[in-house]
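Read the structure below first, then the notes.
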Amino acid sequence: MSDSPPTSRLGNLRSGVRFLGRALGSRYNPLLAQVVVTRRCNLACGYCNEYDDFSPPVPTKDLLARVDHLAALKTASITFTGGEPLLHPELDKLIRAARDHRMIVTIITNGFRLTRGWIDRFNAAGLQGMQVSIDNIEPDEVSMKSLTSVKGKLALLAAHARFKVNVNSVLGISDERTKDVITVAETAAHYGLQHSVGVLHDHTGTLKPLSAKQMDAYDQVTKISPSVVHGLNYRLFQGNLMHGRTNDWKCRAGARYLYVAEDGKVHWCSQQRGYPGIPLLEYTPDDIRREFHTAKSCSPTCTLSCVHQMSMFDRYRGAQTRPDPTAAAVAEE
């Protein structure tokens, strides 16, 4: 039985309690699955490697089967992503299915195709969170996710969304655009929306160093929007990386965090596609247990906040005694 109303404060509190129960009460169930609903995106940002311009939406029946299997694995939360998830015509149906399984449900979007109609459909389906990605004021060849293009969408969200909205910006794209992130944070605050900032990573998910100007912008942005997310990310990994230090942590990708690509296969994350490469519908608790105890050689410089956040509950439990099989493959080459 799903929470009613689907986005009520009490319903969200119950969801949070269930999430913590699964985080603290067990080691071998996913806390977050990011599910690609279409590889296609309506934009072509130069720094992104998670899209194409031709793929059709994944069939709804296939995605519903994936949602059901994630529920069977006792997954606590799910994020629908892309590409651009608003290019999937039945996205709200997927959200409702996941909410019926009592999972926390969010989406990540560039916001370009957002309408009042979509917002109403998301409200009715029980969406609990939306991340809108905005990197600059005017689009350029590096990032087309610009404030001028979606400012009106933020106003729509502020007026009508019954789910939480977070505006996320990426630092490290260029010094010239650094000040834009400050303006984006100020605009989000103007509309009463949360803001978070990520640091740019390369194609492997590792850090691209920040300049002094970018470091200063990071400090300003976190003061404009002093959210829990900012503080958590800084303490978990951003603080060390931004100052040239690596992080010593246990990455639980493939276990606590699953990245499910458009073909339905499970990968460690969006930047480490290829392993384990097992179809989600064949993914079992044994696979979760194996990956929970597998070390990841890419982890010291990883910038992926979702993986850090989902791994933090097992920081001091469950030694990773299994060596990184992808590192061995690279060494053989």
* Asked: Got at least one residue in the stretch 168-186 being at pLDDT 90 or above, more than 20 Å from the chain's Cα centre (by Cα) and not charged (D, E, K, R)?
  -> yes
* Within the stretch 147-179, can you find the residues that are within 24 Å of residue 238 (Cβ to Cβ) and either β-branched (Val, Ile, Thr) or surrounded by 19 or more Cβ atoms within 10 Å (Cβ to Cβ) (or both)? -> 147, 165, 166, 167, 168, 169, 170, 171, 172, 173, 177, 178
* What do you reckon, is residue 58 in contact with a Phe, Trp or Tyr (Cβ under 6 Å, 6 or more places away or on another chain), under 30 Å from residue 150 (Cβ atoms), open to solvent by less than 40 Å² (accessible area, probe 1.4 Å) and not in a helix (DSSP H, G or I)? -> no
* **Filter result for the condition that a residue is of a type outside the set (A, V, I, L, M, F, W, C) and touching a Ser or Thr at 6+ places or on another chain (Cβ under 7 Å), over 83, 117, 111** => 83
* Structure fact -> Residue pairs within 7 Å by beta carbon, gap of at least six or interchain, first lying in the stretch 51-72 and basic (Lys, Arg), second surrounded by 14 or more Cβ atoms within 10 Å (Cβ to Cβ) and in a loop (DSSP other than H, G, I, E, B), listed first then second, are 66/264
* Asked: Out of all the residues in the stretch 187-198, which are under 17 Å from the mean Cα position of the chain (by Cα) and open to solvent by 10 Å² or more (accessible area, probe 1.4 Å)?
  -> 194, 198
* Asked: When residues of the stretch 80-120 are filtered for being open to solvent by less than 10 Å² (accessible area, probe 1.4 Å) and part of a strand (DSSP E or B), how many remain?
  -> 4
* Asked: Among all residue pairs at least 6 apart or on different chains, which show Cβ distances below 8 Å where the first residue, located in the stretch 305-320, is farther than 12 Å from residue 232 by Cβ and the second is open to solvent by 30 Å² or more (accessible area, probe 1.4 Å) and part of a helix (DSSP H, G or I)?
  -> 313/24
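Yes or no, residue by residue, for (1) hydroxyl-bearing (Ser, Thr, Tyr); (2) open to solvent by less than 20 Å² (accessible area, probe 1.4 Å); (3) modelled with pLDDT of 95 or more:
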| residue | (1), (2), (3) |
| --- | --- |
| 215 | no, no, no |
| 243 | no, no, no |
| 246 | yes, no, no |
| 271 | no, yes, no |
| 308 | no, yes, yes |
| 320 | no, no, yes |
| 330 | no, no, no |
* When you look at residue 169, is it hydroxyl-bearing (Ser, Thr, Tyr) and assigned to a strand (DSSP E or B), yes or no? -> yes
* To do: Identify the residue in the stretch 25-55 that is at pLDDT 85 or above, assigned to a loop (DSSP other than H, G, I, E, B) and of a type in the set (S, T, N, Q) and, among all such residues, is surrounded by the fewest Cβ atoms within 10 Å (Cβ to Cβ).
  => 26
* Kindly provide the set of residues from the stretch 273-300 that are hydrophobic (A, V, I, L, M, F, W, C) and either modelled with pLDDT under 95 or open to solvent by 10 Å² or more (accessible area, probe 1.4 Å) (or both), ordered by number. => 278, 281, 295, 298
* Asked: Can you tell me which of 257, 275 is under 22 Å from the mean Cα position of the chain (by Cα) and over 18 Å from residue 81 (Cβ atoms)?
  -> 275
* Being of a type in the set (Val, Ile, Thr) and not in a strand (DSSP E or B) is the filter here, so list the residues in the stretch 64-79 that pass it. => 67, 75
* To do: Kindly indicate which of 125, 98 is free of Cβ contacts under 8 Å to residues at least 40 places away in the same chain and in contact with a helix residue (DSSP H, G or I) (Cβ under 6 Å, 6 or more places away or on another chain).
  => 98
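The values are calculated or read from the model by the stated rules, or taken from the named source; none is laboratory data. As the structure is a computational prediction, the values presented were derived from the model and not from experiment. All Cβ positions, even for glycine, are placed from backbone atoms using ideal geometry, and neighbour counts span all protein chains on display. Please note that ligands, DNA and RNA were not included when accessible areas were found on the heavy atoms of the full protein model with its side chains. Shrake-Rupley method; radii C 1.70, N 1.55, O 1.52, S 1.80 Å.
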